Amino acid sequence: QVQLVESGGGLVQPGGSMRLSCAASGTISRVNIMGWYRQAPGKQRELVATITSSAITTGRNTDYARSVKGRFTVSRDNAGNTVWLQMNSLKPEDTAVYYCYVSDLLHESEHWGQGTQVTVSS
């Protein structure tokens, strides 16, 4: 059974930074995409950033929502089981519950973390 455990959320002032972490455990193939989605109150869940595993592309391709490009950076460790989201220049509109995500392309399955609250407010 795959489990994703997020950490690092909380309250931060506008313009501040925060780093989210997500540790994956269980059986996940090497052919996968990990990343982050978020859901603000009253809004649909939206993609924030994703990163491919080295089994897909040597350079580990990344993809970002237009609203966070240039401010957020997604990365993962060499083993591929941990993914981070470095968030800089945070804005109040970044306030949301952030969910870690893995898409196992070999096993055709998706898994989600429990979510971590990020609040950007003065």
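Assorted remarks:
- Per residue accessible area in Å² of segment 1-97, where ligands, DNA and RNA are left out and the probe is 1.4 Å: 54 Å²
- Between Glu93 and Asn61, the modelled labels are 2.7 nm apart [label points 7 Å from Cα along Cα→Cβ].
- With eigenvalues of the C-alpha gyration tensor scaled by 5 and rooted, the chain, Å: 24, 15, 12
- Extending 7 Å from the Cα toward the beta-carbon at both Ser122 and Gln44 defines two label points whose distance is 3.3 nm.
- The portion of the accessible surface of the chain made up by carbon and sulfur, rounded to a whole percent, is 46 (1.4 Å probe; DNA, RNA and ligands excluded).
- Extended-chain gain in nm, criterion 0.36 nm per residue less alpha-carbon gap, Thr27 and Asn81: 18.4 nm
- Net +/- balance of residues flanking His111 in space, Cβ distance below 14 Å, scoring K and R +1, D and E -1: -4
The values are calculated or read from the model by the stated rules, or taken from the named source; none is laboratory data. Every value quoted in this text rests on a predicted model; they were computed, and no experiment measured them. Glycine also receives a Cβ, built like all others from the backbone with ideal geometry; neighbour counts cover every protein chain displayed. What goes into the accessible areas is simple: the full protein's heavy atoms, side chains included, and nothing from ligands, DNA or RNA. Shrake-Rupley method; radii C 1.70, N 1.55, O 1.52, S 1.80 Å.
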